[in-house]
Amino acid sequence: MANILEQIVVTKRREVELARKTHMYSISEMETGVKISLAGSLKNKPGIIAEFKRASPSKGLINGFSKIETIVEGYANAGASAISILTDKVYFKAHSDDFGKARLVTSKPLLRKEFIIDEFQLIESRAMGANVVLLIAAVLTKEEIRGFTQKAHSLGMEVLLELHHESEIKKVSGLEDMIGVNNRNLKTFEVDIRQSSRIRKQLGWPEIPMISESGLSGIGELKYLLSEGFRGFLIGEHFMKQQNPVQEFERFMQQFERELVS
């Protein structure tokens with residue numbers, strides 16, 4: 001049986017084929033959004049990328065009641081360096097207007113969290129108002145990563161390249177703005193934050209910011225990862241599973257600033 005990532009890619013190819021036939025984007029739409037640098041921000045100061053996520057293949061429904069505008073605005077006001085928005089409808093239960101609603105309530109950098117396999121999705125991301133796009137090394141060749149990164153840059157967006165395994169390091173093109181390490185094994189769904197450290201050590205100390213993703217929930221984990229050279233932390237489920245995600249983020253952010261940044 002194909003693993004979940006392979007299943008998602010098959011679905012994405014169908015979605016892109018349909019979208020190409022039904023969506024056209026104008027030059028004015030390419031100029032949508034605020035062109036600000038998340039990479040530059042993280043170089044100056046470590047930060048948290050707070051994620052809005054309703055569901056996931058590993059956890060099922062996480063939060064089916066929170067309004068995206070309330071959460072995004074709350075995260076931004078409480079000091080998030082950026083906001084990550086899942087846009088996959090099938091596996092992560094995103095709504096088609098989620099990204100647009102998020103863009104209306106904040107000028108913070110917005111990361112489009114999507115499984116990008118086609119250049120069309122980059123054009124789509126720019127039209128949605130994305131500042132940063134995610135490229136997942138596990139589903140792309142090195143040549144695709146290089147080409148998609150160049151295209152994203154030409155559209156005024158930054159690229160976060162996500163690695164899951166040491167074997168993917170060879171796909172790093174050198175053009176990326178940030179490198180992320182996903183601590184979740186996509187075949188077993190097990191989380192091991194030491195994966196971030198293992199991959200960082202094999203990469204050396206890259207000049208671009210490194211971001212740890214998935215399974216993070218405690219300040220102690222972030223303290224360890226800061227000592228390992230990470231500048232950003234993408235956290236979604238820990239906040240979204242709370243009855244009041246914004247309140248938990250405010251508490252977490254205050255502790256983060258007090259103990260790790262100041």
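The values are calculated or read from the model by the stated rules, or taken from the named source; none is laboratory data. From a predicted model like this one, the values you see are computed outputs, not experimental measurements. Using ideal geometry, Cβ is built from the backbone for each residue, glycine included, and neighbour counts are taken over all protein chains shown.
Here are the numbers:
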| read-out | value |
| --- | --- |
| Any chance Pro209 is under 20 Å from Ser58 (Cα atoms), touching a Gly at 6+ places or on another chain (Cβ under 8 Å) and not β-branched (Val, Ile, Thr) | no |
| Any hit, the stretch 98-110, residues being among the aliphatic types (A, V, I, L, M), within 15 Å of the chain's Cα centre (by Cα) and under 20 Å from Val246 (Cα atoms) | yes |
| Residue identified as of a type in the set (Lys, Arg), outside any strand (DSSP E or B) and closer than 24 Å to Ile36 by Cα among Lys89, Lys151 | Lys151 |
| Count of the stretch 84-115 residues which are in contact (Cβ under 8 Å) with a residue 24 or more places away in the chain, in contact with an Asp or Glu (Cβ under 9 Å, 6 or more places away or on another chain) and not polar (S, T, N, Q) | 15 |
| Test: residue in the stretch 149-156 that is in contact with a helix residue (DSSP H, G or I) (Cβ under 9 Å, 6 or more places away or on another chain), at pLDDT 95 or above and within 29 Å of Val191 (Cα to Cα) | no |
| Tally of residues being under 26 Å from Phe256 (Cβ atoms) and surrounded by fewer than 21 Cβ atoms within 10 Å (Cβ to Cβ) across the stretch 104-128 | 3 |
| Long-range neighbours under 6 Å by Cβ, at least six apart or interchain, first residue closer than 18 Å to Val72 by Cβ within the stretch 228-244, second assigned to a helix (DSSP H, G or I) | Gly232/Leu42; Phe233/Leu222; Phe239/Pro245; Phe239/Glu248; Phe239/Phe249; Gln242/Glu248 |
| Residues of the stretch 48-86 classified as farther than 23 Å from Pro209 by Cβ, assigned to a loop (DSSP other than H, G, I, E, B) and of a type in the set (Ser, Thr, Tyr), total | 2 |
| Those helices (runs of 4 or more DSSP H) lying entirely in the stretch 154-262 with at least 1 residues touching a strand residue (DSSP E or B) at 6+ places or on another chain (Cβ under 8 Å), crowded, with 18+ Cβ neighbours inside 10 Å and hydroxyl-bearing (Ser, Thr, Tyr) | 194-203 |
| Some residue of the stretch 154-161 being of a type in the set (Ser, Thr, Tyr) and more than 24 Å from Ile85 (Cα to Cα) | no |
| The stretch 54-81 residues that are farther than 17 Å from Arg112 by Cβ and touching a residue at least 40 places away in the same chain (Cβ under 8 Å), paired with ones that are among the basic types (Lys, Arg) and crowded, with 17+ Cβ neighbours inside 10 Å (beta carbon under 8 Å, 6 or more apart) | Ser58/Arg184; Ile62/Lys53; Ile62/Arg54; Asn63/Lys53; Asn63/Arg54 |
| Whichever residue in the stretch 44-71 is surrounded by 13 or more Cβ atoms within 10 Å (Cβ to Cβ) and modelled with pLDDT under 95 and, among such residues, is nearest to the chain's Cα centre (by Cα) | Ser56 |
